Amino acid sequence: MEKELFKYDNVTTRNFLVATIIWGVIAFLVGVTAAIQLFYPDLNLDLPWLTFGRLRALHTNGAIFAFVGNAIFAGVYHSMQRLLKTRMASDLLSNIHFWGWQLIIVSAVITLPLGITSSKEYAELEWPIDIAITLVWVVFGINMFWTILKRRERHLYVAIWFYIATFVTVAVLHIVNNLELPVSMTKSYSIFAGVQDALVQWWYGHNAVAFFLTTPVLGLMYYFLPKAAERPVYSYRLSIIHFWALIFIYIWAGPHHLLYTALPDWAQSLGTVFSIMLIFPSWGGMINGLLTLRGAWDRVRDSAVLKFFVVAVSAYGMATLEGPLLSLKNLNAIAHYTDWIPAHVHIGTLGWNGFLIFGMIYWLLPRLYQTSLYSEKLANWHFFIGTLGIIFWALPMYVSGFTQSMMWKQFNPDGTLLYHNFLDTVTQIIPMYILRAIGGTLYLTGAILLVVNVWRTVKSGTLLREEEASAMPLAPKYQKEKGEYWHRWIERRPVTLLLWSTVVILIGGAVEIIPTLKIDSNVPKLEAVKPYTPLELAGRDLYIREGCNACHSQMIRPFRSETKRYGEYSKAGEFVYDHPFLWGSKRTGPDLHRLGGKYGDLWHYNHMMDPTRTSPGSIMPRYPWLLTNELDFEILPKKLSAMQTLGVPYTDDEVETAKELALAQATRISDGLNQEENVETLPSDEIIALIAYLQRLGTDINPNK
């Protein structure tokens with residue numbers, strides 16, 4: 001049997017690499033801008049599309065899906081062809097995938113600053129873009145499995161296992177979490193509400209980290225690290241344990257983001273148990289990666305690529321130890337809602353994802369362009385500056401997070417809160433925010449050095465568009481080798497591997513989510529809790545548009561310090577009409593669940609116009625456009641009708657008269673404000689609807705009035 005000649009496609013890989021670099025620099029720049037806004041709020045520039053609440057979503061989506069996403073696809077397209085000894089099945093599908101993904105990113109760049117968002121963390125994009133993501137993901141999957149089926153290498157290498165698990169799990173996560181009912185082209189409501197929505201979102205949110213930022217990047221590690229080290233993977237059997245244990249356990253861990261909330265205790269406990277179990281497969285992967293470098297440690301000193309890989313794998317180990325430990329209730333009570341959590345997350349994103357991608361770029365691009373890296377010294381400078389950037393980013397946030405938590409919990413001898421004014425805790429940590437911005441700037445500087453190095457490297461070489469290769473065709477019948485390990489049987493069967501991966505990841509999700517769908521038995525309704533009025537619903541949508549939930553939580557935990565500061569702790573039944581939930585994940589500002597009636601309408605008016613009027617030293621942006629923008633009353637019947645479809649008990653009469661009901665309530669608020677000196681409002685001003693919503697928060701069972 002003679003070898004077959006074929007050619008690898010390097011153009012698609014090159015395209016995704018270039019996109020990785022461009023979008024990476026943009027995502028880092030937006031991140032630095034947002035970081036500066038947190039201690040210098042004037043940088044919000046009183047422009048709606050440049051406020052922190054909108055830029056934060058743009059930064060996270062850019063870093064995850066534009067920077068890491070493009071890098072994953074670049075690595076997958078390069079490694080898969082060589083591991084399977086075949087060209088990708090379809091150049092057309094490869095091109096559709098590339099350009100489709102870039103159009104999705106451009107759509108995010110346009111819509112998120114405009115405030116078109118579903119508010120769900122890492123899933124903020126609205127329903128038309130969600131559909132586009134699904135279609136492009138299917139194109140990627142078809143191309144990948146078609147390529148696997150026409151391979152010339154019978155056994156599937158470990159990296160391919162991770163790619164397969166990534167494809168199927170991300171598809172399931174994306175579809176379930178983005179089940180929503182459209183109201184217009186730019187607005188939809190999640191079909192889940194309150195506790196259900198929170199569990200589904202963090203089942204998705206945690207596993208977006210697991211199956212978009214971890215499993216495919218582990219696949220890249222298993223390919224590129226051995227290539228760069230010129231050493232085989234340390235342990236084949238350890239990689240088997242790492243893969244199956246990781247994809248089974250990871251899917252259960254989402255509820256650890258919701259400890260001490262209104263989520264049922266059994267779900268919280270499941271999340272904690274499986275989170276602790278995650279340490280073992282995660283560290284198995286880290287050990288496998290680091291021990292692959294046995295015999296190559298002397299080269300690490302001179303190789304920037306290996307330096308990046310070593311720190312990346314080490315950061316993976318650190319993040320996957322810290323994450324499970326933070327799921328312990330005693331630590332979670334300290335860390336949750338503080339800057340500790342972003343510090344933990346960025347060890348993973350900046351260290352694990354960023355550094356592994358940088359190492360891959362420095363290793364891969366010179367080979368695509370048939371030349372050597374322009375400057376190893378410049379790459380080493382990138383490494384050291386980037387490492388300093390991570391340190392200056394994370395360490396101040398650990399200090400800030402611990403400071404926040406301790407100040408929130410301090411009491412005077414007479415039982416009153418020592419720091420009763422939340423703003424006291426904010427002003428205390430501003431120096432930490434400045435250091436964080438310096439760290440982000442250093443990381444961005446390193447990325448700019450990469451751009452220079454890559455540009456000069458590309459100019460010195462010529463792209464090898466199609467790389468010639470040869471391999472023996474796949475034998476029609478497999479001859480089992482003597483002493484062959486049992487797992488080889490699965491590796492020969494990609495469809496079987498796909499099916500088992502699907503079963504493994506569905507078990508945890510089904511066990512956690514299905515029981516919570518039974519509202520009456522698991523999330524009892526409260527008689528006093530009523531749906532939002534049409535005007536309050538409109539105000540809630542404005543709250544979502546401005547990204548207020550990026551800085552404010554709406555979940556009071558049953559801690560003495562929180563009930564003293566905010567009021568009665570939050571009950572599951574209070575959120576049954578919340579599509580989507582807005583519990584938040586961080587408190588840059590205070591919790592708002594019992595805000596209703598705490599301040600007068602004039603206070604809210606002044607606070608949104610200029611927060612320093614009511615809270616001197618505040619770092620919150622100004623929202624002057626809310627005082628002049630006109631509320632869209634015409635869409636209110638559609639919104640109530642959608643909510644009615646989702647089970648919110650609006651009557652047909654309320655739906656039909658939604659505009660009139662909203663205008664009547666808005667007129668009462670506006671007339672009251674107009675009695676104040678130097679205040680002139682119209683019932684149609686957006687600020688009126690937002691005030692109506694804020695004054696409603698938490699008043700059903702614990703009115704402040």
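Output the qualifying pairs, or none if there are none: Cβ atoms under 7 angstrom, residues six or more apart or on different chains, first residue in region 26-39 and at positive phi, second residue outside any loop (DSSP other than H, G, I, E, B) and surrounded by fewer than 24 Cβ atoms within 10 Å (Cβ to Cβ).
Pairs found: none.
Select from region 418-477 the residues that are small (Gly, Ala, Ser) and not in a helix (DSSP H, G or I) and write down the one among them that is nearest to the chain's Cα centre (by Cα).
Gly461
Please verify whether region 117-130 includes one or more residues that are within 22 Å of Pro216 (Cα to Cα), in contact with a Gly (Cβ under 8 Å, 6 or more places away or on another chain), touching a residue at least 24 places away in the same chain (Cβ under 8 Å) and among the polar types (S, T, N, Q).
no
Taking region 480-506 on its own, how many of its residues are exposed (fewer than 13 other Cβ atoms within 10 Å of the Cβ), farther than 20 Å from Leu84 by Cβ and at pLDDT 90 or above?
Of the residues in that region, 1 qualify.
Regarding Thr681, is this residue farther than 12 Å from Pro534 by Cβ, of a type in the set (Val, Ile, Thr) and touching a helix residue (DSSP H, G or I) at 6+ places or on another chain (Cβ under 6 Å)?
Here the answer is yes, as Thr681 does meet what is asked.
Restricting to helices (runs of 4 or more DSSP H) lying wholly in region 616-701: which have 1 or more residues that are buried (at least 22 other Cβ atoms within 10 Å of the Cβ) and aliphatic (A, V, I, L, M)?
The helices (runs of 4 or more DSSP H) meeting that bar are 636-645, 658-674, 686-696.
State the number of residues belonging to region 204-227 that are polar (S, T, N, Q) and within 15 Å of Tyr157 (Cβ to Cβ).
Total satisfying the criteria: 1.
Confirm whether Asp298 is within 15 Å of Ala228 (Cα to Cα) and assigned to a loop (DSSP other than H, G, I, E, B).
No; evaluated as a whole, the condition is false for this residue.
So, in region 372-412, of the ones that are assigned to a helix (DSSP H, G or I) and charged (D, E, K, R), which residue ends up nearest to Leu356 (Cα to Cα)?
Result: Glu376.
Residues that are part of a helix (DSSP H, G or I), within 25 Å of Gly205 (Cα to Cα) and in contact (Cβ under 8 Å) with a residue 12 or more places away in the chain: does region 361-371 have at least one?
No, there is no match, as no residue in region 361-371 is part of a helix (DSSP H, G or I), within 25 Å of Gly205 (Cα to Cα) and in contact (Cβ under 8 Å) with a residue 12 or more places away in the chain.
Can you report the number of residues in region 566-603 which are touching a helix residue (DSSP H, G or I) at 6+ places or on another chain (Cβ under 7 Å), surrounded by fewer than 23 Cβ atoms within 10 Å (Cβ to Cβ) and not in a loop (DSSP other than H, G, I, E, B)?
Selection size over region 566-603: 5.
State whether one or more residues within region 281-289 are within 30 Å of Pro590 (Cβ to Cβ), outside the structural domain of Arg587 (by TED's automatic domain parsing) and either assigned to a helix (DSSP H, G or I) or modelled with pLDDT of 95 or more (or both).
For region 281-289, residues within 30 Å of Pro590 (Cβ to Cβ), outside the structural domain of Arg587 (by TED's automatic domain parsing) and either assigned to a helix (DSSP H, G or I) or modelled with pLDDT of 95 or more (or both): absent.
Quick one: count up the residues across region 143-185 that are part of a loop (DSSP other than H, G, I, E, B) and within 16 Å of Ile251 (Cα to Cα).
0
Which of the residues belonging to region 83-104 are part of a loop (DSSP other than H, G, I, E, B) and either closer than 23 Å to Ala66 by Cβ or among the hydrophobic types (A, V, I, L, M, F, W, C) (or both)?
Met88, Ala89 - these are the residues of region 83-104 that are part of a loop (DSSP other than H, G, I, E, B) and either closer than 23 Å to Ala66 by Cβ or among the hydrophobic types (A, V, I, L, M, F, W, C) (or both).
Could you check region 570-608 and list, in sequence order, the residues that are among the hydroxyl-bearing types (Ser, Thr, Tyr) and under 27 Å from the mean Cα position of the chain (by Cα)?
Within region 570-608, Ser570, Tyr577, Ser585, Thr588 meet the criteria.
The values are calculated or read from the model by the stated rules, or taken from the named source; none is laboratory data. As the structure is a computational prediction, the values presented were derived from the model and not from experiment. Ideal geometry is used to build each Cβ from the backbone, glycine not excepted, and the neighbour counts take in all protein chains shown.
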